[in-house]
Amino acid sequence: MDKFERLNFINQMLILEKLYPEEAEYYAKNRKALEHGYELHYSWLVESISDPLSEDQCKQVLDILDMYRSITFSWERLHDGEEIPSKLKFRGFDGNNETAQMGYTQYFINDLDRFRELTYDSDYCDFNSHCPMLGKYSRMLTVWKSLDSFELSEEEIEAVVAA
């Protein structure tokens, strides 16, 4: 980071110190690291910012959510009023290995209030499956997309879930 970039960030830290007096000490420490050029600490300025999830990765998550919406609505249509079995419910993504996908799912469902049926009447879901799921979901998506229908039969639901 050159001196002009540092100067920009220093000025931002000064503004933030004034805007948020309860956090002024935090911003002052970051400003000091920038003023003195302590490069080791530059990464601390962005440690709370997640790595990006690409457009393709976001679309993959949305495809998975759409597939589970199809499974959920199809089950409800076929089994009027029966609770959906847990093996058919969307479990989420692994919090250790698929963190970005899990975070995007939380954002899309909890923050944007979309695909609410996949919370299965829970007030808040963290969508942490506690085990890797992307491989399984990819196989399921291949089968689901080959069916070329949103409304699934009992056999088609079983085929998708068994993939």
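Please treat every number below as a calculation from the coordinates, not as lab data. Fair warning: this is a prediction, and the values are worked out from it, not measured in the lab. All Cβ positions, even for glycine, are placed from backbone atoms using ideal geometry, and neighbour counts span all protein chains on display.
How much length, in nm to one decimal, is gained on full extension between ASP56 and ASP2, taken as 0.36 nm per residue of separation minus their Cα-Cα distance? Intermediate values should be presented prior to the final figure.
On the way: separation 54, 0.36 × 54 = 19.44 nm, distance 3.32 nm.
Length difference between fully extended and current span is 16.1 nm.
How about the stretch 15-72: which GluC sites (Glu not before Pro) there are in a DSSP loop, with at most 15 other Cβ atoms within 10 Å of their Cβ? Kindly include the intermediate steps, with their values, before the conclusion.
On the way: sites: GLU17, GLU22, GLU23, GLU25, GLU35, GLU39, GLU47, GLU55; in loops: GLU47.
Filter output for the stretch 15-72: GLU47.
Can you give the helix-only mean residue ellipticity at 222 nm for the chain, where every DSSP H stretch with n ≥ 4 adds -39500 (n - 2.57) and the sum goes over all residues, rounded to the nearest 500 deg cm²/dmol? Each step should come with its number before you reach the end.
Values: 6 runs with 85 residues, N = 163.
Mean residue ellipticity, 222 nm, calculated: -17000 deg cm²/dmol.
What is the distance, in nm, between label points placed 7 Å from the Cα along the Cα-to-Cβ direction at LEU14 and at ALA162?
6.9 nm
If you wrap the stretch 55-162's Cα atoms in a convex hull and average its projection over all directions, what's the area in nm²?
Working: hull surface 26.2 nm².
Quarter of the Cα hull surface area: 6.6 nm².
Straight-line reach from LYS145: which lysines fall under 19 Å, measuring Cα to Cα and dropping same-chain residues less than 8 apart?
LYS59, LYS89, LYS136
Can you tell which of MET13, MET102, MET67 shows the greatest fluctuation in a Gaussian network model of the chain with Cα springs below 10 Å?
Taking springs between Cα atoms under 10 Å, the residue moving most is MET13.
Straight-line reach from LYS18: which aspartates and glutamates fall under 19 Å, measuring Cα to Cα and dropping same-chain residues less than 8 apart?
Within reach: GLU35.
Applying 1/(1 + (r/R0)^6) with R0 = 30 Å to the Cβ-Cβ distance of LEU45 and ASN97, what FRET efficiency is obtained, to the nearest 0.05? Mind dumping the intermediate values first?
Numbers: r = 27 Å, r/R0 = 0.88.
It comes to 0.70.
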